[in-house]
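Before any comments, here is the structure.
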Ligand code: HEM
Ligand code: HEM
């Protein structure tokens, strides 16, 4: 699994932040409610000390996590969800982040206002956030308590939404924050394991290829791209939840035809200096009905191709050649009109020597990311 996020998945660092902080925050909420009811004594003081230090640790982790989030792509939610769900997801994530700061800051503030300096696990003492002020202390204690109740409700809603994505929509939103192994072995009862949600696959570049066939004066001329990446969420059981995002480095174009290899990255064709990448984003996978005598599964994918600064819908035919717990291999083709993307400008707009239609052929070998 990548350390960084991709457009479809949270990377390892974001997942470790999420689950470490989720456990710490849930334990802190329970400990906070428990400790305030304890009779006075050394145990109560000890738990208060641990609560405060761990709260400050959460504040530090929240700052590091937010920095990481701003320097990483944030995975997009699957397309086709009701608008209210997009809004709810963004608003609730924003509020969860706000609480990760508001809880420790109000806790630190109420301790400082009450004249009780905060030690970090006995290692060092933090500066006071505010001076001694009984009234402010009471207000901050009230805020600390009410934000805690609000956060408990928010976490319940958030976890319910994650389960809705998993068991009602089967769209892989939970698995992109968990690992396949954790989810399959721990969370899912055995009966549900056969019906797998989409899993994250990463491309094996040395076993994958991306070629195209153009037509020059009636004769096929072939080329290929040597550098491309793909981010894949795939399950044969839930094609409607599958997603692919692929990026092709246009300057990596190569061909046995020297003229073509030299000309294509240039201004008249791809203009790779200005538009270095082509991007394919799937919108929807459709499973084809099984054909008699053909054991391989066939799909067609509606998606958008962005090339030369132009985005156009394309339909990709795909055959799943191999699929198991570790890997998948798929091949396929689609046809594009080069002129629709403005590829071939000036004299090359005329399609009599180099035809408008170009066929793209791919073979993707991918391995499943597990943790
Ligand atoms: C994410 C971090 C935190 C969470 C989830 C959390 C949660 C809680 C909860 C649920 C309570 C019980 C509220 C009540 O019944 O009054 C509480 C009380 C308290 N917390 Fe925190 N807390 C956090 C961080 C901190 C920090 C950083 C400090 C101090 C540095 C702190 C200091 C206190 C104190 C002194 C109380 C007792 C308040 C009172 O007696 O009124 N907390 N906390
Ligand atoms: C208790 C079980 C929990 C489950 C099942 C859960 C599940 C998830 C899932 C699946 C996502 C990814 C959503 C997406 O792909 O857009 C997510 C994101 C998030 N979760 Fe949780 N979560 C839990 C607890 C918590 C807790 C306790 C907190 C913090 C108080 C939290 C804070 C967040 C935040 C802030 C995000 C957004 C991450 C980002 O976009 O950077 N979660 N959670």
- What about residue 312, is it in the same structural domain as residue 217 (by TED's automatic domain parsing) and part of a strand (DSSP E or B)? yes
- Show the residue pairs that are 6+ apart or on different chains and have beta-carbon atoms under 8 Å apart, the first residue being within region 20-45 and outside the structural domain of residue 61 (by TED's automatic domain parsing), the second being part of a helix (DSSP H, G or I). none
- Item | Criterion (surrounded by fewer than 17 Cβ atoms within 10 Å (Cβ to Cβ), modelled with pLDDT of 95 or more and within 11 Å of ligand 2 (Cβ to nearest atom)) met by exactly one of 135, 161 | 161
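Does region 35-47 include one or more residues that are within 10 Å of ligand 2 (Cβ to nearest atom), more than 12 Å from the chain's Cα centre (by Cα) and surrounded by 13 or more Cβ atoms within 10 Å (Cβ to Cβ)?
Within region 35-47, not a single residue is within 10 Å of ligand 2 (Cβ to nearest atom), more than 12 Å from the chain's Cα centre (by Cα) and surrounded by 13 or more Cβ atoms within 10 Å (Cβ to Cβ).
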- Number of the exception - residue 359 against (1) within 19 Å of residue 238 (Cβ to Cβ); (2) in contact (Cβ under 8 Å) with a residue 24 or more places away in the chain: (1)
- Somewhere in region 103-117, is a residue within 11 Å of ligand 2 (Cβ to nearest atom) and assigned by TED's automatic domain parsing to the domain that holds residue 160? yes
- Do we find that residue 273 is farther than 27 Å from residue 320 by Cβ and out of contact with any strand residue (DSSP E or B) (no Cβ under 9 Å at 6 or more places or on another chain) in this structure? yes
- Task: Only one of these is within 13 Å of ligand 2 (Cβ to nearest atom), buried (at least 18 other Cβ atoms within 10 Å of the Cβ), under 26 Å from residue 283 (Cα atoms) and at pLDDT below 95: 73, 78. Name it.
- Result: 78
- Query: Has region 248-269 got any residue that is within 30 Å of residue 326 (Cβ to Cβ), crowded, with 18+ Cβ neighbours inside 10 Å and within 25 Å of the chain's Cα centre (by Cα)?
  - Reply: yes
- Message: Restricting to region 33-92, count the residues that are within 16 Å of ligand 1 (Cβ to nearest atom) and not in a helix (DSSP H, G or I).
- Response: 6
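The values are calculated or read from the model by the stated rules, or taken from the named source; none is laboratory data. As the structure is a prediction and not an experimental result, all values here were calculated from the model. Positions of Cβ are backbone-derived with ideal geometry, glycine not excepted, and every protein chain shown enters the neighbour counts.
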